[in-house]
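Peer 1: This structure is in structure tokens; I'll ask about it shortly.
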Amino acid sequence: MDKIFVTDLAIIGKHGIMGHEWSHEQRFVVDMIAEFDTRKSAKSDKLSDTLNYAHFCDIARMTIEGESVYLIEKLASIIAERILEDRRIVKVEVTIKKPSVLPSGIPGVTIIRT
């Protein structure tokens, strides 16, 4: 299956289990990969026949800039569910990383939904 993706999308939000994470903005880095048959769009060369990755960015931005949650697993799940509203998508993979939370290393989560 073909894949349409966006990687390294940086978005500022307020999420986490520590109180200060809800009062101070932090950076989240998001990767989204959607499995989708691109043969029709490759032939037609029309945006309407493919997935618009800018739409993925809008979904991620609205979710992360929106209401605070405790876990990035929840953020990733919300993003995946919204992307999968397009019934042409077979599978979506969403990764969210919190690059500023640890002094060394980058924690994150990857979820896969069909």
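The values are calculated or read from the model by the stated rules, or taken from the named source; none is laboratory data. Source: prediction; values computed, not measured. Ideal geometry is used to build each Cβ from the backbone, glycine not excepted, and the neighbour counts take in all protein chains shown. Side chains included, ligands, DNA and RNA excluded: accessible areas come from the protein's heavy atoms. Shrake-Rupley method; radii C 1.70, N 1.55, O 1.52, S 1.80 Å.
Peer 1: Where only protein heavy atoms count, and the probe is 1.4 Å, what is the accessible area per residue for the range 1-102 in Å²?
Peer 2: 60 Å²
Peer 1: Further, regarding this structure: With a 1.4 Å probe and every protein chain kept in, tell me what percent of the accessible surface of the chain is carbon plus sulfur.
Peer 2: Summing carbon and sulfur atoms, their accessible area is 52 percent of the total for the chain.
Peer 1: In nm, what is the difference between 0.36 nm times the number of residues separating GLU73 and PHE5 and their Cα-Cα distance?
Peer 2: So the extension gain works out to 22.6 nm.
Peer 1: Please state the charge dipole magnitude for the range 1-110, taken about the Cα centre, from unit charges on C-beta atoms (+1 on K and R, -1 on D and E), reported in debye and rounded to the nearest 20.
Peer 2: It comes to approximately 180 debye.
Peer 1: From the helices alone, meaning DSSP H stretches of at least four residues, give me the mean residue ellipticity at 222 nm for the chain, per-run term -39500 (n - 2.57), in deg cm²/dmol to the nearest 500.
Peer 2: Calculated mean residue ellipticity at 222 nm is -8500 deg cm²/dmol.
Peer 1: In the range 24-114, if the dipole is taken from +1 on Lys/Arg beta carbons and -1 on Asp/Glu beta carbons about the Cα centre, which of TYR70, ALA34, ILE111 is farthest to the positive end?
Peer 2: ALA34
Peer 1: On to the next question. Could you please state, rounded to a whole Å, how far the C-alpha centre of the range 1-33 is from the C-alpha centre of the range 83-99?
Peer 2: So the two Cα centres are separated by 13 Å.
Peer 1: Quote to one decimal, in nm, the extra length available between ASP37 and ARG88 on full extension: 0.36 nm per residue of separation minus the C-alpha distance between them.
Peer 2: Using 0.36 nm per residue and subtracting the Cα-Cα distance, I get 17.6 nm.
Peer 1: Excluding same-chain pairs closer than 8 in sequence, count the lysine pairs in the chain whose Cα atoms lie under 25 Å apart.
Peer 2: Value for the chain: 16.
Peer 1: Separate question: Taking P(r) over Cα pairs in 10 Å bins from 0, in percent as the quantity of interest, determine which of (1) 14, 44, 34, 9, 0; (2) 14, 45, 26, 11, 3, 0; (3) 15, 53, 30, 3, 0 was computed from the displayed structure.
Peer 2: Structure-derived value, by its label: (2).
Peer 1: Compute the FRET efficiency between THR110 and SER44 as 1/(1 + (r/R0)^6), taking r as their Cβ-Cβ distance and R0 = 30 Å, and round to the nearest 0.05.
Peer 2: 0.40
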